[in-house]
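The values are calculated or read from the model by the stated rules, or taken from the named source; none is laboratory data. The model shown is predicted, which means the values in this text are computed figures rather than measured ones. All Cβ positions, even for glycine, are placed from backbone atoms using ideal geometry, and neighbour counts span all protein chains on display.
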Amino acid sequence: MNKKILVLLSMLLFFVQYLPAQKEGFIFNNQSDNIEVNTLASSRVNIVCSNENIYKFRIVPDEGIKKVHFRIIAPKTNIVIYDNAKEGYTLEKTLNMQNSLVVMVEIKLVATEDDLEDEDFVSNGWVALLIEHKLK
Amino acid sequence: MNKFKLLLFASFFPIFLHSCSDKKRQNDLDNEKYAEEKSRIIYRIPSPIEIFNLLQNAQLDFHEQVLNPLGNWENYNSLKSQALNMGIYSADLAYTAAYEQYQESLLYFNLIRKLGNKIGIGNVFSDEMAARVQNNLNNADSLSTISGAYYKGMIDYLTENRKTTELALIYTGGWVEALYILCNTIDTLGTNDQLMKELADQSLVAQNLEALLLLDTNVIEIRNAYTELSPLFDVFNEVEMLSSEEIQVATVGDEIVVKGGSVYSFDKAKCGNLKLLVNQIRSTWILK
């Protein structure tokens, strides 16, 4: 585990949590996490979301990581609630749920064949999954 | 190739092959381990603070008698009791901070520092953080923020240092204490439909916690905690489903709106059963 990267990500997470979120009334949610990611397999995190809140999911990638594919899935039914590949790999989404729900956030790094041949391409690393919420 | 070289080659070739095969087997094992590790799902549990928001929204009063007495901490000598009660005291801290009980917050924070040292996670509680608590005793927002930051720091530390047993037990203790406080401070438990629905929503947390504990039942502390919690999981598994519709997703502006899913509730009898079980489990855990 690269502790330096983890410390940097944690610091980033700490600073990021109070700035834009507070403007919109969002507060930091403790289900946020630092997640190891790569191009081979998806990392998956199960989050409990209450219908009392609106949630903002944000991916903050480690320096050098190009594209992150993230999806939000209802794990019981496998219904895809959000897929950022359909929105140009945007790294932020807000969710408003009618009923409380467990969602699975699935994260993977994106690599083209050209990327994989590029010596400087970062094929694994860490991302911060930053979750914020505010009462409806 | 002369005879000697041939003999030498013939002698070492099987060793070479064996070594290659060992290396391949090791690589296969590494790949399998890697795939297994990657296929694991991380289960996150909301912090107790979120449950206490429900109490605040319902404008319920603070009840000091529901807190785990400070003096109990000296009884906790096993890893299981220390970690479970770390979660319990952390929930108590969040409860006192949410209700602006400044002196109690300070007492519980100091106690958590001491217990943290016993578990080997004393690094999380820096002198700087203690000073921040002391300096913000009259500021409810800051105290809640610090309480949240300390909880996050503890979870991050345990995650990064792969202390999965302590993490699972702290999550467990924190959730049970939050449920205990919820069940024992609502006078209208069993009659307030909205609170019963919100209590029933805890079945989603129960699902995540059960899945998290099941990942490590080879660890005796986790297996024992899981066994003790099983009746509680059963109650949540039998939660009444008021309605269930297929999930529908719509985009409204920048927001994804998720409609459908399931609506859960408890009836009065199940609420009573839940309270009884939570009280039993929690009273066992805080005594040893």
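Being under 19 Å from A:Val102 (Cα atoms) and of a type outside the set (S, T, N, Q) holds for only one residue in B:Val258, B:Val252, and it is B:Val258. If you take the residues of region B:120-167 that are buried (at least 18 other Cβ atoms within 10 Å of the Cβ) and away from chain A (no Cβ under 14 Å), which of them is nearest to B:Ile88 (Cα to Cα)? The extreme case among them is B:Glu166. Screening B:Lys275 on (1) within 14 Å of chain A (Cβ to nearest Cβ); (2) in contact with a Cys (Cβ under 6 Å, 6 or more places away or on another chain) shows it passes everything except condition (1). Condition check: within 10 Å of chain B (Cβ to nearest Cβ), surrounded by fewer than 16 Cβ atoms within 10 Å (Cβ to Cβ) and in a strand (DSSP E or B). Does A:Val80 satisfy that? Considered against the rule, which asks whether it is within 10 Å of chain B (Cβ to nearest Cβ), surrounded by fewer than 16 Cβ atoms within 10 Å (Cβ to Cβ) and in a strand (DSSP E or B), A:Val80 comes out as yes.
Taken over region A:56-76, the residue count meeting the criterion of being in contact with a strand residue (DSSP E or B) (Cβ under 6 Å, 6 or more places away or on another chain) and either over 19 Å from B:Gly253 (Cα atoms) or within 7 Å of another protein chain (Cβ to nearest Cβ) (or both) is 11.
Considering only region B:202-213, I want to know if a residue exists there that is within 26 Å of A:Met97 (Cβ to Cβ), away from every other protein chain (no Cβ under 13 Å) and among the aliphatic types (A, V, I, L, M).
To start, the set of residues in region B:202-213 that are within 26 Å of A:Met97 (Cβ to Cβ) comprises B:202-213.
Retained after the next criterion (residues that are away from every other protein chain (no Cβ under 13 Å)): B:213.
Filter once more, keeping what is among the aliphatic types (A, V, I, L, M): B:213.
Checking region B:202-213: at least one residue is within 26 Å of A:Met97 (Cβ to Cβ), away from every other protein chain (no Cβ under 13 Å) and among the aliphatic types (A, V, I, L, M).
Residues that are assigned to a strand (DSSP E or B) and of a type in the set (Asp, Glu) were ranked within region A:83-136; the one that is farthest from the other protein chains (Cβ to nearest Cβ) is A:Glu132. The residue that is farthest from B:Ser78 (Cα to Cα), among those in region B:204-231 that are of a type in the set (A, V, I, L, M, F, W, C) and more than 15 Å from the chain's Cα centre (by Cα), is B:Val219.
Looking at region A:100-133, which of its residues are surrounded by fewer than 17 Cβ atoms within 10 Å (Cβ to Cβ) and either closer than 24 Å to B:Pro46 by Cα or of a type in the set (Phe, Trp, Tyr) (or both)?
Of the residues in region A:100-133, the ones surrounded by fewer than 17 Cβ atoms within 10 Å (Cβ to Cβ) are A:110, A:112-121, A:123-124.
If the condition is that a residue be surrounded by fewer than 17 Cβ atoms within 10 Å (Cβ to Cβ) and either closer than 24 Å to B:Pro46 by Cα or of a type in the set (Phe, Trp, Tyr) (or both), then A:Phe121 is the only one that fits.
For B:Glu104, the stated conditions do not hold, so it cannot be described as charged (D, E, K, R) and on the phi > 0 side of the Ramachandran plot. The residues of region B:41-81 that are more than 14 Å from chain A (Cβ to nearest Cβ) and in a helix (DSSP H, G or I), listed by number, are B:Glu64, B:Gln65, B:Val66, B:Leu70, B:Gly71, B:Asn72, B:Trp73, B:Glu74, B:Asn75, B:Leu79, B:Lys80, B:Ser81.
To keep it simple, each residue is scored yes or no on (1) under 19 Å from B:Ser47 (Cβ atoms); (2) out of contact with any helix residue (DSSP H, G or I) (no Cβ under 6 Å at 6 or more places or on another chain).
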position: B:Ala149; (1), (2): yes, yes
position: B:Glu160; (1), (2): yes, no
position: B:Lys197; (1), (2): no, yes
position: B:Leu204; (1), (2): yes, yes
position: B:Leu213; (1), (2): yes, no
position: B:Thr227; (1), (2): no, yes
position: B:Ser230; (1), (2): no, yes
position: B:Val235; (1), (2): no, no
position: B:Leu242; (1), (2): no, yes
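Taking region A:92-115 as the range and being without any contact (Cβ under 8 Å) to a residue 24 or more places away in the chain and among the β-branched types (Val, Ile, Thr) as the test, only A:Thr112 passes. Would you point out the residue of region A:27-55, among those that are more than 9 Å from chain B (Cβ to nearest Cβ) and buried (at least 21 other Cβ atoms within 10 Å of the Cβ), that is modelled with the highest pLDDT? Only one residue fits best here, namely A:Tyr55.
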